[in-house]
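The values are calculated or read from the model by the stated rules, or taken from the named source; none is laboratory data. All values derive from a computational prediction rather than experimental measurement. In this analysis, Cβ positions are derived from the backbone assuming ideal geometry, glycine residues included, and neighbour counts consider all displayed protein chains. These accessible areas exclude ligands, DNA and RNA; they are computed on the full protein's heavy atoms, side chains included. Shrake-Rupley method; radii C 1.70, N 1.55, O 1.52, S 1.80 Å.
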Amino acid sequence: MKVINICMVIMVMLLFWGISSANDILDQGEHFPMSIESYDDPVEGGVLDTLIYRIQKNPFNLVATTIFGFAVIHAFLSSKILSYAHQVDAQKNSIKAGILHFMGEIEVVFGLWSVVLGIAITLFYNWETYVNYVGALEYTEPLFVIVIMTIAASRPILKFVELILWKLVKLIGGKLEVWWFIILTVGPLLGSLITEPAAMIISAYLLSDKFFDLNPSKRIKYVTLALLFVNISIGGTLTNFAAPPILMISNVWHWSTTFMFLNFGWKAVLGILINNTVMLLYFKKEFKELGEAYKKDRFKKYIQRRFIDKAVISEQIDALEWQVDKNLGYSHRLNETSDMIKAHIEAEAQRHLSDQELAEYNIEEVLSQRFDSIKINEMKRTIPGLLPKEIRPFYRDPEWDSRDDKLPLWIMLVHLFFLAWVVINDHEPVLFIGGFLFFLGFVQVTAEYQNRINLKPALMVAFFLSGLIIHSSVQAWWIEPVLAGLPSGILNTTSILLTAFNDNAAITYLSSLVPNLSDGLKYAVVSGAVTGGGLTLIANAPNPIGQSILKKYFKLGIEPMILFKSALLPTLIVALVFRFL
């Protein structure tokens, strides 16, 4: 709470200082945000001089970046907030606990602070400026994430990929560590074909089923998550169309798929293989222990599938319910007792109502309607099995999504078509959203082969990305001179560090605005941006997708600092591969 109070004091002070300095900006009629060219930076001076000059030219720059800084701090404190929320929960303070749970959700952070940014823009300028600003931003990526997450997480897609990977795993041995290695290698590389968000979804769900369900130690869970984030970030560099940070510069700098593979792709494959091998050897002992649990789990599932047919057992239990009821006469006694209660109510009504009211209204029918409605609803809640099938409530099987019945190949192929349609048209919202609507219709028609569609994770991730877009678009004033004023080696390191606190696509996009950037500097900034994509949840757009799928395995949510530490070694290995090969 002290941190929040200090942040609020700083914000108020900055707002009063900025508003008092903003009159000249308003009078000049500057567009918001100011373009890089409009600053007319002085020729002499270093990066720090440029930044000071730009703050003087537009004081709102400092306010916007301070708000963004608070959002980053909030993101790093999210696990602490969730921990405090659990303590409040124990004290039965539901409203306060609910607010803290909301503020502790990592997906909410940047959307929440974008509201603060909106208030600041309105106070500095006016409401119209804010509306024009958020309305002019490009939200194609969040919309795309909603669609691609939903389709890629569908049962036919996951089963198809699992089937393909299973064939590969069987060739190598079929052990747990083989599954782990294959998912963390092939999964991220799929990002160069089906986009990084889709690769993240498939990899995260497979890791959830094959690895995280075995309850590994906290340390190996974080290392696996860090590897997933790092590998996904670099796994999309084999082509020029699938990874967001590459898309931002491929057309501007004329980088083809051939160029990407020759300069980035093969190095990314090597980096992924080295990372996975190093971590597999390091955790060799723990994988051996988990391997025993994996074998027992596989055998248990095999026995269950071989000897238990769910449909047959369900039908037998349903028939047994009626037979037991018939033998014990439960329904008969229930109806008898219900009739006695209803008769008592009718007698009570006759004592209190006049003869005219009794004659004018059919009291027995009126009371029966209300009584029977309550009776049936209570039976639906407590003993639905004794109701006739036509009026039983719809039953949502809690294990429906984990069932193992076979899927027709043609349904898998149709889902692959929808996935391909969305990937091919990823820059055309009208087309991929239209295709998504047809997909939802197909899922409804083939519901018996589908899992339930849960839009909440996709919407939360889209909210996260939208908030990040709103913040990132007013950070160009300081990122551009930092990138432009550094030599190749330092630029590469700076790009890695900047990516930890900003989406790597924003880093590469801003670098594309820097005029006359040499080929060496272009390589340095892009390799740095994709290398640092696993350091934090905000470093790469697909990361929030992975955390939304896997956060249930972390008691207090994913702690950003532990993730950062876990990702340092894989990031360093990739950095060395890109730097020296």
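What do you get for chymotrypsin sites (Phe, Trp or Tyr not before Pro) in the range 313-381 restricted to DSSP loop and a cutoff of at most 16 other Cβ within 10 Å of the site's Cβ?
Working: sites: TRP322, TYR330, TYR361, PHE371; in loops: TYR361.
Filter output for the range 313-381: TYR361.
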*Mean separation of Cα contacts under 8 Å, 6 or more apart, over the residue count of the range 423-581: relative contact order %*: 20
*Cross-link partners among lysines for LYS456, C-alpha distance below 25 Å, same-chain residues fewer than 8 apart left out?*
LYS80, LYS96, LYS159, LYS210, LYS221, LYS551, LYS552, LYS555
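Probe radius 1.4 Å, ligands and nucleic acids left out: which of ILE81, ILE376 has the largest accessible area, and how do the rest follow?
Details: ILE81 30, ILE376 60 Å².
Highest to lowest solvent-accessible surface, that is ILE376, ILE81.
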_Pairs of alpha carbons in the range 215-296 whose separation is greater than 17 Å (percent)_ = 56
*Enumerate the calculated ³J(HN,Hα) couplings along the range 47-55 in order (Karplus 6.51 cos²θ - 1.76 cosθ + 1.60, θ = phi - 60°), each rounded to whole Hz, writing x wherever the residue is Gly or Pro.*
5, 4, 4, 5, 5, 4, 4, 6, 5
*asked:* For the pair TYR53/LYS285, report the inter-label distance in nm, with labels modelled 7 Å from Cα in the Cβ direction.
replied: 5.9
*ASP404 to ILE274: extension gain in nm, 0.36 nm per residue of separation minus the Cα-Cα distance?*
43.4 nm
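Please compute the length gained on full extension between THR258 and SER354, using 0.36 nm multiplied by the number of residues separating them and subtracting their Cα-Cα distance.
25.3 nm
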*Count charges around GLU346 for me, please; just the other residues with Cβ under 11 Å from its Cβ, Lys/Arg as +1, Asp/Glu as -1.*
-2
*Under 22 Å from LYS267, Cα to Cα: lysines that are on another chain or at least 8 residues apart*: LYS522
*Note down the relative contact order for the chain as a percent, whole number, built from C-alpha pairs under 8 angstrom at least six residues apart.*
24
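Which percent of the accessible heavy-atom area of the chain goes to carbon and sulfur, probe 1.4 angstrom? Intermediate values should be presented prior to the final figure.
On the way: 19120 of 29940 Å².
Roughly 64 percent of what the probe reaches on the chain is carbon or sulfur.
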_For the chain, take the convex hull of the Cα atoms, compute a quarter of its surface area, and give me that in nm², please._
37.0
*Starting from the Cα of LEU455, step 7 Å along the direction of its Cβ; do the same at SER38; then give the gap between the two resulting points in nm.*
3.7
*Points 7 angstrom from Cα along the Cβ direction at THR337 and TYR361: gap in nanometres?*
2.9
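Dividing the Cα radius of gyration by the Kirkwood radius, what Rg/Rh value follows for the range 111-233?
On the way: Rg = 19.9 Å, Rh = 16.9 Å.
Expressed as Rg/Rh, it is 1.17.
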*Ignoring everything but the protein chains, give the 1.4 Å probe accessible area of GLU480 in square angstrom, nearest 10.*
20
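Whenever you get a sec, line up VAL72, VAL43 from highest to lowest accessible area (probe 1.4 Å, protein heavy atoms). Walk me through the numbers on the way to the answer.
Values: VAL72 15, VAL43 145 Å².
I get VAL43, VAL72, largest accessible area first.
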*Express in whole angstrom the spacing between the alpha-carbon centres of the range 393-469 and the range 486-510.*
34
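Could you work out the equivalent-ellipsoid semi-axes for the range 170-250, taking the square root of 5 times each eigenvalue of the Cα gyration tensor, largest first, in whole Å?
Numbers: eigenvalues 124, 38, 17 Å².
They are 25, 14, 9 Å, listed largest first.
With Cβ to Cβ distances under 11 Å as the rule, what net charge do the other residues near LYS555 carry (K, R +1; D, E -1)?
Numbers: positive: LYS218, LYS221, LYS551, LYS552; negative: GLU559.
So the surrounding residues net to +3.
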*Cβ-defined net charge surrounding ALA524, 14 Å radius [Lys, Arg +1; Asp, Glu -1]*: +2
